[in-house]
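The values are calculated or read from the model by the stated rules, or taken from the named source; none is laboratory data. Since we're looking at a predicted model, the values are computed, not measured. Neighbour counts are summed over all protein chains in view; Cβ atoms, including those assigned to glycine, are modelled from backbone coordinates with ideal geometry.
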Amino acid sequence: MNNWLSLEEFKRKYGHMVRDLWVPRVTAITEIIAKPGLLRYYAAQENFAAAQRKLRNSANWGTLTHQTIEEILKGRKPEIHPKILPSIEAFLEWKSQHQIVVLDPEHDIEKFVFHPEQLYAGRMDALVEIDGVLGILDIKTGTGIWEEYFLQTAAYLEAYNNLVPEKERAKTRWIIRVDQYQECLICGAKRREKSGEGVIKGGNPFCQHQFSEPKGFVEFRELPDFENDISAFLHAKNLWEWYHREYLKQIKNYPKFK
Ligand SMILES: [Zn+2]
């Protein structure tokens, strides 16, 4: 199960070279957590190929939304694809209600961080000041907020704060989730079109749905338990290293498994 890649493929897929050192990527490490949501998703699909096609389509939708929001945070005015307009409008509405400051637009979006003691690296979505507080902002376009985001954002915060003087440290982490759906005017069922075909959830299954125009919405959350989350991330990293020990033993200068 975990030895079908060549060493070079393994290194490319799961990590970054930082100077002369190979270190695992934050999102590779958090993949060690099972995703019950994803299993449920596959179980509900007709077949594996169709399920993957849909996931790809919704990933494209998500990537486009994600990129557009990052451009806006950089202070640019990107062209907005009509399909994601409701989401972007909801984001802009949210943004207008807060004081958002990106101190260094060229470097603070998709910011690369590396932890030289804990030995991991990754790219956070944004280092940003929201209403006067500096923090790590993670932008999500899926249908829910999953546990692994807690660990990812903790890892980024820890790596960033380790690199800067105390007065420049980030104080918190947030997740902003941007999504869009149509709502049935009769029963309230919600229909999402992200995967190319509509998926209907909730409401009355016998209703002759009359769907509204798509509307966007934003869920914005601060993640409160940094200490718990960073501890869990570092434990996940240990587990990840154990799972991939046969590869890691072959990586020169990787401090474990020598
Ligand atoms: Zn209905």
Members of segment 84-108 that are in contact with a Leu (Cβ under 9 Å, 6 or more places away or on another chain) and touching a residue at least 40 places away in the same chain (Cβ under 8 Å): Ile84
Residue match in segment 165-185 (condition: within 11 Å of the ligand (Cβ to nearest atom) and part of a loop (DSSP other than H, G, I, E, B)): yes
Among residues of segment 186-244, those that are surrounded by 15 or more Cβ atoms within 10 Å (Cβ to Cβ) and of a type in the set (Asp, Glu), counted: 3
Subset tally (residues that are assigned to a helix (DSSP H, G or I) and at pLDDT 80 or above) for segment 18-73: 18
Condition check for Gln152: more than 11 Å from the ligand (Cβ to nearest atom), surrounded by 15 or more Cβ atoms within 10 Å (Cβ to Cβ), of a type in the set (S, T, N, Q) and outside any loop (DSSP other than H, G, I, E, B): yes
Options Glu219, Glu147, Glu158; residue that is of a type in the set (D, E, K, R), away from the ligand (no atom under 16 Å from the Cβ) and out of contact with any strand residue (DSSP E or B) (no Cβ under 8 Å at 6 or more places or on another chain): Glu147
Search result, residues across segment 155-185 that are surrounded by fewer than 23 Cβ atoms within 10 Å (Cβ to Cβ) and of a type in the set (Lys, Arg): Lys167, Arg169, Lys171, Arg177
